Amino acid sequence: MSIARNLLYGLLGVVVTLLCFSTWKMGFGNSLAHHVEIIRDETRVLQTIANGAEGSDKEILERFEERSIRVMGELESLIKDLGQVLDKMEKKHSHSFPNISVNINNTPSETLSPDSTVFIMHGERRDLHVRYMYAPFTRTLLHGFRAIGVTARFIYETNFTSVKETIRNKIKAKDMLIYIGSINPHSRYMKDIKSEKGAYTVLYNTEPLLESHPGPCDKMFHTMFYDEIWDYSWANMDLLGACSSRPFFPFTRYVPPGHWPDSPKVNYTDDSNGSLKLLFFGNANFGSGRLGCFKKLVKQLRPNLSSTYNIWTEDEFERFINKSSATVFLNIQKSCIQKPHHPTNPIHAPPRLNVFLNAHAIVISARSYWKDEEEYSGTISFVEQGTGIGKEYERLKKMNPNDLQALATRRADLFAARFDPEKIFRRAKLPEFFTV
């Protein structure tokens, strides 16, 4: 918070100086002064709230969020108007000014030492399913940091309050804290870790982002307490990229879940029934938005299509895979989305798809965002969600078990080579980030 405030006041100082340089003569002085006045007044209110406003935590956070979003909006407008002022001044005085912009997404705010410790955490639900759901992310982080020689610790307890206190007691300045989850939760805790401990904070986003309100650009209150946002999907990355000109928006990195070698493997040569099955591994019920298209697929492909939504530990998954010979895994989008080239349709969900690919499974997926399809090209059958799924399934069904196994192995080997955690980290330029 103090960093953002200092940056803001520094920018205001530049603006005030420029205003004094006779910008009023060009008709923009009143507009700029209006923005400056609003920002000054709103930051004073923010200081008052941060220094001990009355009310519940929820009320204080809501008031702070409302005010901070307004400040960011005014700051954007001010920078835009200031750019127009500079353009006019350049033409009038035949002088080139430095490019005035606020785009913190161009570079990380700092670098860390190889001696820094990375702490990794995520929340948990009452049913204790989150640890398994987020395992692809935590495994990738632990393997990746190990590969580049950086110490990483995953702190997990079923009581998330205990996790936060453990990290608060152990983390120090120039350490990194990675929160795995969605944008909104625990932003106040991350703010405290930044301001009190001097740690570098990262949000590893696990959820599809939507272009519709409230999109990631509208969640400035939550994102401003992170130094970086890492994401699994290019659809999300492109949406985040549209926010990069926002003042104080975090630096972003593409960090998809990766390969790990110790997964149980599907065996397509063990086909005792002589019939290839198609399985949707996930929630196909009404709440997921998939029910409509799933029912159509069941009608089209019965009795070969089924679903399961009761695997929540690695032991359960291993037992399931050992019983799942001659099974092709299916991915359909939430809400049955069929706009593969629109950024609101990220590949869903890479954690699940990567689990299948690590298990040497053959995967059919509904079409996804084109950049995500390129990342997974050659490892997944991307088809149209309607008749395309049935056609691809029938094509695979005609293959003999040895050919199916060869196909699964080729895809798994390609995935392992492309999504090696060290390669993912090097592509994200993380080794360069941890330098003296």
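The values are calculated or read from the model by the stated rules, or taken from the named source; none is laboratory data. What you are looking at is a predicted structure, and each value in this text was computed from that prediction instead of being measured. Cβ coordinates were reconstructed from backbone atoms using ideal geometry, including for glycine residues, and neighbour counts include every protein chain displayed. The protein model used for the area step is the full one, side chains on, heavy atoms only, and it has no ligands, DNA or RNA in it. Shrake-Rupley method; radii C 1.70, N 1.55, O 1.52, S 1.80 Å.
Bridgeable lysines around LYS323 (alpha carbons under 24 Å apart, same-chain partners fewer than 8 residues away excluded): LYS265, LYS277, LYS397, LYS398.
Among residues other than ILE364 with Cβ under 14 Å from its Cβ, the summed charge is +3 (Lys and Arg +1, Asp and Glu -1).
Among all the lysines, which ones have a C-alpha under 27 Å from LYS429's C-alpha, if same-chain residues fewer than 8 places away are not counted? Output for LYS429: LYS170, LYS172, LYS174, LYS191, LYS194, LYS197, LYS219, LYS371. Averaging Cα coordinates gives a centre for the stretch 405-421 and one for the stretch 165-195; these two points are 35 Å apart. Going by accessible surface with a 1.4 Å probe and the largest first, ASP403, ASP192, ASP262 read ASP262, ASP403, ASP192.
Find out how many positive minus negative residues lie around ASN331, taking Lys and Arg as positive, Asp and Glu as negative, among other residues whose Cβ is under 15 Å from that of ASN331. Intermediate results must be reported in sequence, preceding the final value.
On the way: positive: ARG290, LYS334, ARG352, ARG367, ARG411; negative: ASP372, GLU373, GLU375, GLU384, GLU392.
With Lys, Arg at +1 and Asp, Glu at -1, the neighbours total 0.
Our summary gives the stretch 353-397 a relative contact order of 36 percent, counting only alpha carbon pairs under 8 angstrom and 6 or more residues apart. The residues of the stretch 274-333 expose, per residue, 50 Å² of accessible area to a 1.4 Å probe.
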